[in-house]
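*Asks:* One structure follows; several queries about it will come next.
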Amino acid sequence: MANIIDFTNEIEQAKYSSLVKNALSHRTSSSAEIITFGCQQNEADSERIAGLCSLMGFDTNPAGSMSSDEISVAGLIIINTCAIREHAELKALSNTGRLKKLKETNPELILGICGCMVQEKHRFDQIKKSYPYVDFMLGTDSIHKLPEVLWRVISEQRRIYGVSALPHSELGVIEENMPVLRKSPFKVWVPIMYGCNNFCTYCVVPRVRGHERSRSEAAIIEEVKTLLDGGCKEITLLGQNVNSYSGENGGFVKLLENLLSLDGDFRLRFMTSHPKDASDELIELMNHPKMAKHFHLPFQAGSDRILKLMNRRYTKEKYLERALKIRQASPDCAITTDVICGFPGETAEEFEETLEVVRAVEFDTLFSFVFSPRKGTPAANFDDQISHDEKIRRFEKLTKLTNSLSEKRNSLLVGKTERVLCDTEADNEGFSGGKSSQNKLIRFQNPENQIKVGEFADVEITEAFRASLNGKLL
Ligand code: SAH
Ligand code: SF4
Ligand code: F3S
């Protein structure tokens, strides 16, 4: 797939950024808050939005950490929205609604909505009509246009929409030259591709993020090298289906091999892998010492009939074969998954097949979701929509089973040594926290902050709980 790199925009960004910067010096507030909903891709986008805000002279960070007092005097608030389930959209809309009062008390405030939700025509129209105090909307592929859009809001004193129609053409633009203000210097997201071509029948992502586009391998390697030189310890490669990455030197496994051969004490993660494309080569690579021992492999449903209706393009048997292959090839590797409860037409017996898969694989963690019909997706119009109460009953049954399995998997780690990347300073009780290679939350005694935030520590696990483990420093 061809990639078009939009170099010209770097000049545009600089031009409009300096115009905004100049305008800011005449305004009362130059602080910016970014409120982020949704997945890691959105978090990575917010880091680019924060980078651009900083370039324009705003005082900001991508963590969305302002107190309500600080928010009340902010000069710019951007809500980065998610559309994956109705709940995510309602949360973003209620946040937007709450900001109306702020606009009344602080008329200089500029309010923008971006992310996946504004790519849906009905939501775009709804915001345009019912939230007249929203100053701008910006689409998922137009983040680099933020300086231009803001300048036009300020100079033309009217609402501006920087949302292009999706799906993208085959030649979707990838903007490589955006400044990035990262939440953490040692634990970072690196998007390797955008969009998705899988069109699972329940999913809005291909409709709001467009067709798959891969970044060039050279650009990814350059970015990772710079991050490692800056002391970064953990890199998570992001894509909706990383297995279909296609760079100038080959596919995803080739990219991983090239990244794993870079110098430095670091570990590499990736999200998300589609079971239909999780190859033997990828599974074997999990044993590489620099590869984090965590495989997220969503299976969504256990029944072959439901999988077919979902357009997932694998069977229960194929999924089990892949998961058990990971267990066998890399016994230390954690496996996590996503499941949807109550897909249209799913019978009680078919849901039992989901539980069967869960019992067979014994996932380390399972993220379960109640099916949410998304406007424009085929599954929203399927017959036999399951009642809300029944979806919740299935969700609760699944949660009970997965909680007991998570506890069981974690208890197997007691007595073992885990390499933890410390991410918090010692609390009042002297405990620091961090993630293990398996991506499990580990708390450990860290007297006098012997291990600094951003450093690796070898920790012997002493106690296991469902969602975390305790250990002592070796
Ligand atoms: N690209 C990733 C998933 C992205 S969305 C993948 O294919 O694995 C994250 C999860 O949200 C999905 O795995 C699915 O379990 C859930 N999800 C997506 N659409 C949904 C919907 N309409 N209702 C409920 N859950 C949904
Ligand atoms: Fe959605 Fe399926 Fe693509 Fe994942 S693979 S983003 S679930 S369409
Ligand atoms: Fe992510 Fe939500 Fe968009 S899950 S891709 S932010 S719809």
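The values are calculated or read from the model by the stated rules, or taken from the named source; none is laboratory data. Since the model is a prediction, treat every value here as computed from it, not as a measurement. FYI the Cβ positions are ideal-geometry reconstructions off the backbone, even for glycines, and counts take in every protein chain you see. The accessibility values were calculated without ligands, DNA or RNA, using every heavy atom of the protein model including side chains. Shrake-Rupley method; radii C 1.70, N 1.55, O 1.52, S 1.80 Å.
*Asks:* Got at least one residue in the range 266-274 being within 16 Å of ligand 2 (Cβ to nearest atom), modelled with pLDDT of 95 or more and over 22 Å from V357 (Cα atoms)?
*Replies:* The answer is yes, given that some residue of the range 266-274 is within 16 Å of ligand 2 (Cβ to nearest atom), modelled with pLDDT of 95 or more and over 22 Å from V357 (Cα atoms).
*Asks:* Kindly evaluate N106 against the criterion of being under 23 Å from K145 (Cβ atoms), open to solvent by 20 Å² or more (accessible area, probe 1.4 Å) and away from ligand 1 (no atom under 16 Å from the Cβ).
*Replies:* Spelling it out, it is not the case that N106 is under 23 Å from K145 (Cβ atoms), open to solvent by 20 Å² or more (accessible area, probe 1.4 Å) and away from ligand 1 (no atom under 16 Å from the Cβ).
*Asks:* May I ask you to say which residue of V134, V118 is under 30 Å from Y202 (Cβ atoms), crowded, with 18+ Cβ neighbours inside 10 Å and more than 16 Å from ligand 3 (Cβ to nearest atom)?
*Replies:* The unique qualifying residue is V134.
*Asks:* A follow-up question, please. Any idea which of (1) assigned to a loop (DSSP other than H, G, I, E, B); (2) at pLDDT 95 or above; (3) of a type in the set (D, E) is the one E108 doesn't satisfy?
*Replies:* (2)
*Asks:* Follow-up question, since we're still on this one. What's the number of the condition Q157 fails, among (1) open to solvent by less than 40 Å² (accessible area, probe 1.4 Å); (2) more than 14 Å from ligand 3 (Cβ to nearest atom)?
*Replies:* (1)
*Asks:* Shifting gears a bit: Find all pairs meeting these conditions: Cβ atoms under 8 angstrom apart; at least six residues apart or on different chains; first residue within the range 76-92 and in a loop (DSSP other than H, G, I, E, B) and open to solvent by less than 10 Å² (accessible area, probe 1.4 Å); second residue among the aliphatic types (A, V, I, L, M) and modelled with pLDDT of 95 or more.
*Replies:* From residues that are in a loop (DSSP other than H, G, I, E, B) and open to solvent by less than 10 Å² (accessible area, probe 1.4 Å), the pairs are A83/M117; A83/V204.
*Asks:* If you don't mind, another one. Pull up the range 37-74, narrow it to residues that are surrounded by 20 or more Cβ atoms within 10 Å (Cβ to Cβ) and without any contact (Cβ under 8 Å) to a residue 60 or more places away in the chain, then point me to the one that is nearest to P147 (Cα to Cα).
*Replies:* Applying the filter and picking the extreme gives F58.
*Asks:* Continuing with the same structure: Got at least one residue in the range 116-130 being closer than 24 Å to S29 by Cα, more than 16 Å from ligand 2 (Cβ to nearest atom), touching a Ser or Thr at 6+ places or on another chain (Cβ under 8 Å) and of a type outside the set (D, E, K, R)?
*Replies:* no
*Asks:* Looking at the range 362-377, I want the residues that are not assigned by TED's automatic domain parsing to the domain that holds H296 and have a partner that is more than 14 Å from ligand 2 (Cβ to nearest atom) and acidic (D, E) with Cβ atoms under 6 Å, at least 6 apart or on another chain. Which pairs are those?
*Replies:* As it stands, the answer is none, since no pair meets every condition given.
*Asks:* Of the residues T226, T201, which is of a type outside the set (K, R), within 30 Å of N381 (Cβ to Cβ), more than 14 Å from ligand 3 (Cβ to nearest atom) and modelled with pLDDT of 95 or more?
*Replies:* Of the residues listed, the single one that is of a type outside the set (K, R), within 30 Å of N381 (Cβ to Cβ), more than 14 Å from ligand 3 (Cβ to nearest atom) and modelled with pLDDT of 95 or more is T201.
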